[in-house]
Amino acid sequence: MKNQIKVMLVDDHAVVRAGFRMLLSTDNMIEVIAEADRGELACQLYLEMQPDVVVLDLSMPGIGGLETTRRICSRNSDAKILVFSVHNERVYVDRAISAGAKGYITKQSHPEVLIAAIKQIALGELYIEQGLINHDNAELFESTATKYVDYKGIIDSFSAREFDVFLLLAKGLTAHKIAAELCIGYKTVANYGTQIRSKLDVSSIAELAHIAIMSGMMKD
């Protein structure tokens, strides 16, 4: 490992980034060299700054955390990305690791976990917060009717943006609110919604919510 681990923070909330920076400054092995408030900027800064580890949130405006992870890892297969998210459901962990992330911890974890995860990932190892890998939501699909197993396969095939829109629709957000949150056009959201309902062969938001709950992505 280098004398210092150079870290880039990616989160759309300035207060959160400030908290991360303050926490990481307590460890002389870690140096924060860049910050970004959205994925597009993170991709650009990654190429310019070449951080050792990227600490990244999933829920951001623009392309979002999953697509950011994919883009960075497609440009550098050795990229070390640690997802630091409010989501503790297994489906998020699976999708983040599939996208190329080397670690996943939740924002409810102890502050020392963030530092430990950064150091472990910098060494080229994986780091998944304890407890996240002992709970497999896939069992929820296997214990229900066959159609829910089919839904899992369809959801796994969603693009990063389709997945974002699917979850927000399932949570009851309107297309206008989703457009504002993801910083995309209303018509784009409407088109995604049509595609998602078609792929899942459902017609209502209630059905989307039910699928999300059965898959362990939402609590009822």
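Does Asp94 satisfy being surrounded by fewer than 18 Cβ atoms within 10 Å (Cβ to Cβ) and either at pLDDT 95 or above or of a type in the set (Asp, Glu) (or both)?
On the way: surrounded by fewer than 18 Cβ atoms within 10 Å (Cβ to Cβ): yes; either at pLDDT 95 or above or of a type in the set (Asp, Glu) (or both): yes.
When the stated conditions are applied, Asp94 passes them.
With Gly64, Gly103 as the choices, which residue is at positive phi and crowded, with 19+ Cβ neighbours inside 10 Å?
Among Gly64, Gly103, only Gly64 is at positive phi and crowded, with 19+ Cβ neighbours inside 10 Å.
Exactly one condition in (1) crowded, with 19+ Cβ neighbours inside 10 Å; (2) over 11 Å from the mean Cα position of the chain (by Cα); (3) over 17 Å from Val16 (Cα atoms) is false for Thr69; which is it?
(2)
Quickly run through region 111-131 and pick out the residues that are assigned to a loop (DSSP other than H, G, I, E, B), surrounded by fewer than 18 Cβ atoms within 10 Å (Cβ to Cβ) and either at pLDDT below 90 or in contact with a Leu (Cβ under 9 Å, 6 or more places away or on another chain) (or both).
Within region 111-131, Gly124, Glu125, Leu126, Gln130, Gly131 qualify.
Could you tell me how many of the residues in region 57-110 are assigned to a loop (DSSP other than H, G, I, E, B), out of contact with any Ser or Thr (no Cβ under 9 Å at 6 or more places or on another chain) and touching a residue at least 24 places away in the same chain (Cβ under 8 Å)?
Total satisfying the criteria: 5.
The values are calculated or read from the model by the stated rules, or taken from the named source; none is laboratory data. Computed from a predicted structure; not experimentally measured. Because the Cβ atoms are built from the backbone with ideal geometry, glycine has one as well, and the counts that use them run over all protein chains shown.
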